1. In segment 197-218, what residues are touching a residue at least 24 places away in the same chain (Cβ under 8 Å) and within 14 Å of the chain's Cα centre (by Cα)?
2. Mind listing whichever residues of segment 95-116 are outside any strand (DSSP E or B) and either farther than 19 Å from residue 46 by Cα or not hydrophobic (A, V, I, L, M, F, W, C) (or both)?
3. Quick check on residue 138: is it at pLDDT below 95, closer than 16 Å to residue 173 by Cβ, assigned by TED's automatic domain parsing to the domain that holds residue 173 and in contact with a helix residue (DSSP H, G or I) (Cβ under 9 Å, 6 or more places away or on another chain)?
4. Would you please name the residue that is nearest to the chain's Cα centre (by Cα), looking only at residues in segment 12-26 that are free of Cβ contacts under 8 Å to residues at least 60 places away in the same chain and part of a helix (DSSP H, G or I)?
5. Would you please name the residue that is surrounded by the fewest Cβ atoms within 10 Å (Cβ to Cβ), looking only at residues in segment 142-172 that are within 23 Å of the chain's Cα centre (by Cα) and among the aromatic types (Phe, Trp, Tyr)?
6. For segment 217-271, what are the residues that are surrounded by 12 or more Cβ atoms within 10 Å (Cβ to Cβ) and aromatic (Phe, Trp, Tyr)?
7. Which condition from (1) over 21 Å from residue 260 (Cβ atoms); (2) assigned to a loop (DSSP other than H, G, I, E, B) is the one that residue 222 breaks?
Amino acid sequence: MDKLVVEESSSFQIPHTLEVKISSLIMERNESDSNNMSMDLLVVVIYELMIEAGFTPINAPPINSDKDKKAASQYISTQNMQCYRNLPQNWKQNQIYVMSFVLLPFNEKYKCRLIAVPCGDSLIANAIVDTYVGEKLIKDRCICFKILDYVINPNSSKHAEKFVNLKDLSYKFKDGITSPIRCEILTNEGAVNPSLLGLPDEIKLKILGNLPVKDIKNISKSCRRMFFLSKDQSLWRYLLKRDFNYVPNDNYKMVVKNIYIERYREHLYSIRMNQRFNAMTLTTGDGLFAHNMQ
């Protein structure tokens, strides 16, 4: 079976694990109200996207069949493989959808609650991350989806024909919720991740070394980690060489950043003096030109 994720879905095919969840949803429903069905289907896709991003659902029945395990293993590592075919217990309460997840291998150190609230023809998805210490370390996320943008034929007998624009839905949800939360959790744990703060310090210093000093000053105000990196001696040695072709002596006790500041002030002074000299020369030359014309 080819590995298929939600963003690769078409009107002919969707991931097998998503089909299984939709079939389970249909079997559990007592009524076939089209509007509520559309809401349910959109939440099922969001649930699938959370698992694709590496989040493990809490209180969800595990997959038993080998076929479903193989399909789900495409985005869950075999070491921590916990495959799920049904939605979590009590996932829908008074028309509000509540599901909880953890991010392996941190288990319940970070517990992410996904709360989806219907609002007219839209669905508002809120992601709230609680930590074991009770502190608010991870920023809450919220995103709104128009149901008709993604669910067009909820009563179709073919599951793939129920949806449209799942690629757009996948990008929007992952960019707005799962990717930022994953990066923040991994950054807090000191793990490498695809964000600026999640990169090794050596790479961050390389990035800073390619920026103008004004931008380095601005980025140092963004967070504590970037503030300390912006004071790194090796960074300012490189900037001195880049901007002024000056290499300080290794035995020089002065902070390299202060040397850069002195050189920069000398550079500004030199520019101002040249501007004044050019202005005086221009004025004097105009005066002589006017005298000769008389």
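1. 197
2. Of the residues in segment 95-116, the ones outside any strand (DSSP E or B) are 95, 104-109.
Those that are outside any strand (DSSP E or B) and either farther than 19 Å from residue 46 by Cα or not hydrophobic (A, V, I, L, M, F, W, C) (or both): 95, 105, 106, 107, 108, 109.
3. The answer is no for residue 138.
4. This residue is 16.
5. This residue is 171.
6. Scanning segment 217-271 gives 227, 236, 238, 244, 246, 260, 264.
7. Among (1) over 21 Å from residue 260 (Cβ atoms); (2) assigned to a loop (DSSP other than H, G, I, E, B), the lone unmet condition for residue 222 is (1).
So that you can scan it fast, the table gives a plain yes or no per residue for (1) under 22 Å from residue 104 (Cβ atoms); (2) in a helix (DSSP H, G or I):
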{"residue": "173", "(1), (2)": "yes, yes"}
{"residue": "187", "(1), (2)": "yes, yes"}
{"residue": "192", "(1), (2)": "yes, no"}
{"residue": "207", "(1), (2)": "no, yes"}
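The values are calculated or read from the model by the stated rules, or taken from the named source; none is laboratory data. Model, not experiment: these values are computed from the prediction. Note that we place each Cβ from the backbone using ideal geometry, even for glycine, and neighbour counts take in every protein chain shown.
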